[in-house]
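To start, the structure itself, in structure tokens.
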Amino acid sequence: GDSVTQKEGLVTLTEGLPVMLNCTYQTIYSNAFLFWYVHYLNESPRLLLKSSTDNKRTEHQGFHATLHKSSSSFHLQKSSAQLSDSALYYCALSDQTYGNEKITFGAGTKLTIKP
Amino acid sequence: GGIITQTPKFLIGQEGQKLTLKCQQNFNHDTMYWYRQDSGKGLRLIYYSITENDLQKGDLSEGYDASREKKSSFSLTVTSAQKNEMAVFLCASSPGLGGFYEQYFGPGTRLTVL
């Protein structure tokens, strides 16, 4: 079945430094949809950005990610971390194949930004 | 816009007890989901439902039952609570199934079993 790997469980950075959270995935289907969800403390998880287009950069709220089907990756990046970026980030995968419409989430990366 | 509400916010139970969690959405979405959130394990799908009275098992359905009697509500029952179990249960809804559709999440129910 589908799987999503987020290698880093915990990432701690100093404010102002660049952010990169890794996400790789496995699926036998070519029509993959990749998502990043963010879960701030005491809030509900919400969608940060999504993509299904190979090699196209997707941006939202200062974060960006590019889906690379050749390497099965969808890393989340930001040029300069802010204290308010501290949260739990989930990478997720879905596809349009009938009978396999569930979203598969990775284990999550807890990002902590320090002053 | 819309909102997803989950009740109760905190649930404390005893070992072996049957416990029910409730979820309501006013998005008028067809698809609803129940996830379990454990630290280091991500969000694991317990049950989902693509329409009223439909139920589909996820990867973690053993030990749980679900019910979708109305389009707007989706309940989850822990059939026999396990001692020392602690987890957050998240309900979500989506206008469609899988693919490119965004999932909208509720605030969660935090379960503690004594």
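The values are calculated or read from the model by the stated rules, or taken from the named source; none is laboratory data. The structure displayed is predicted, hence computed values, not measured ones. Cβ sites come from the backbone with ideal geometry, for glycine too, and all protein chains shown count toward neighbours. Note: areas computed on protein heavy atoms with side chains; ligands, DNA, RNA excluded. Shrake-Rupley method; radii C 1.70, N 1.55, O 1.52, S 1.80 Å.
Points worth noting:
- For segment A:1-100, a crude dipole built from +1 on the beta carbon of Lys and Arg and -1 on the beta carbon of Asp and Glu, taken about the Cα centre, is about 180 debye to the nearest 20.
- The 1.4 Å probe gives accessible areas that order B:Met86, A:Met20, B:Met32, largest first, as B:Met86, A:Met20, B:Met32.
- Mean separation of Cα contacts under 8 Å, 6 or more apart, over the residue count of chain B: relative contact order %: 36 percent
- Loop-located chymotrypsin sites (Phe, Trp or Tyr not before Pro) across segment A:52-115 with a Cβ neighbour count of 12 or fewer within 10 Å are A:Tyr98, with loop assigned by DSSP.
- Sequence-ordered 3J(HN,Hα) estimates for segment A:23-29 from the Karplus curve with 6.51, -1.76 and 1.60 and θ = phi - 60° stand at 8, 10, 9, 9, 7, 8, 9 Hz, glycine and proline given as x.
- When only the Cβ of Lys, Arg, Asp and Glu is charged (+1, +1, -1, -1), the dipole of the protein assembly as shown relative to its Cα centre reaches about 300 debye.
- The charge dipole of chain B, taken about its Cα centre with unit charges on the Cβ atoms of Lys, Arg (+1), Asp and Glu (-1) only, comes to about 260 debye.
- For B:Gly58, nonlocal amide neighbours, meaning residues 5 or more places apart or on other chains whose placed amide H falls under 5 Å from its own, are B:Tyr47, B:Tyr48.
- For segment B:1-64, trypsin sites (Lys or Arg not before Pro) are listed when DSSP marks them as loop and at most 16 other Cβ atoms sit within 10 Å of their Cβ; the list is B:Lys9, B:Lys18, B:Lys41.
- In order along segment B:45-50, the phi-based Karplus estimate (6.51 cos²θ - 1.76 cosθ + 1.60, θ = phi - 60°) of 3J(HN,Hα) comes to 6, 9, 9, 9, 9, 8 Hz; Gly and Pro are listed as x.
- Karplus-derived HN-Hα couplings along segment B:78-84 (A = 6.51, B = -1.76, C = 1.60, θ = phi - 60°), whole Hz, x at Gly and Pro: 7, 6, 7, 4, 9, 4, 6
- Rg to Rh quotient for chain B, alpha carbon positions, Kirkwood Rh: 0.95
- Between the beta carbons of B:Ile50 and B:Ile3, assuming R0 = 25 Å, the FRET efficiency works out to 0.75 to the nearest 0.05.
- Cα-only radius of gyration and Dmax that characterise the protein assembly as shown, units Å: 17.6, 51
- Here's the picture: charge each Lys and Arg Cβ at +1 and each Asp and Glu Cβ at -1 in the protein assembly as shown, and of B:Val88, A:Ser94, A:Trp36 the one pushed furthest to the positive end of that dipole is B:Val88.
- The GNM of chain B, with springs linking C-alpha atoms under 10 angstrom apart, assigns the highest mean-square fluctuation among B:Ser75, B:Ser39, B:Ser93 to B:Ser39.
- List B:Ile50, A:Ile103, ordered by accessible area with a 1.4 Å probe, largest first: B:Ile50, A:Ile103
- The lysines whose alpha-carbon is closer than 16 Å to the alpha-carbon of B:Lys83, local same-chain residues fewer than 8 away aside, are B:Lys18.
- Selection from B:Phe74, B:Leu19, B:Tyr47 lying farthest towards where the dipole of chain B points positive, charges on Cβ: B:Leu19
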